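First the structure, in the form of structure tokens, and then the observations on it.
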Amino acid sequence: MIKYLLGCASGHEFESWFRAGADFDAQSRSGEIACPLCGSIDVVKQPMAPSVVTKRARAGRPPAQEPAPAPVAGGATAGADGVAVREALKAFTQKVIANTEDVGPRFAEEARRMHFGEIEERQIRGSSTVEEAQELAEDGVPFGIIPVLPEDLN
Ligand SMILES: [Zn+2]
């Protein structure tokens, strides 16, 4: 997961999550990223280091020669690293939750309707089945996956 601070031509700033850095470029090129305030698709990345949530997100450790980060979906880890990673994931998830509207199981439907301009764009979160997520991806609907920690399910 990579978070970018984005800005539209009218100077609005908003944050968006992407599965990978290349996703922003691809979605931006095809006009799939719109400002949630004015709908402009003239959107650029703001100068800010992207927040990347990976197993590397631990201070004091040199960047390792790891392969490209895979989409974060779950975050199950073990050992000492697991604690720091869990805290980072928790903070990330809480921020997402604080800035989005929970649409529950209607997520896939809402995301698709926004993507095709049937309803106003806004930041939403919710749940979807694996099949729904695959269909969204195939339709080019931009969305991110929030890692859900075990305690969030309680
Ligand atoms: Zn705007």
Give me a count of the residues in the range 15-30 that are open to solvent by 30 Å² or more (accessible area, probe 1.4 Å) and within 16 Å of the ligand (Cβ to nearest atom). 2
Just for the range 5-14: of the residues that are part of a strand (DSSP E or B) and within 13 Å of the ligand (Cβ to nearest atom), which one is farthest from the chain's Cα centre (by Cα)? Cys8
Filtering the range 99-116 for residues that are in a loop (DSSP other than H, G, I, E, B), without any contact (Cβ under 8 Å) to a residue 24 or more places away in the chain and touching a strand residue (DSSP E or B) at 6+ places or on another chain (Cβ under 6 Å) leaves a count of 1
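Does the range 104-141 hold any residues that are in contact with a His (Cβ under 9 Å, 6 or more places away or on another chain) and not charged (D, E, K, R), and which are they?
Correct list: Leu136, Gly140, Val141.
Among the listed residues Ile41, Ile33, Ile119, identify the single one that is β-branched (Val, Ile, Thr), under 17 Å from Gly144 (Cα atoms), modelled with pLDDT of 85 or more and part of a loop (DSSP other than H, G, I, E, B).
Ile33
The values are calculated or read from the model by the stated rules, or taken from the named source; none is laboratory data. As the structure is a prediction and not an experimental result, all values here were calculated from the model. In this analysis, Cβ positions are derived from the backbone assuming ideal geometry, glycine residues included, and neighbour counts consider all displayed protein chains. Each accessible area value is taken on the protein alone, full model and side chains, heavy atoms only, with ligands, DNA and RNA left out. Shrake-Rupley method; radii C 1.70, N 1.55, O 1.52, S 1.80 Å.
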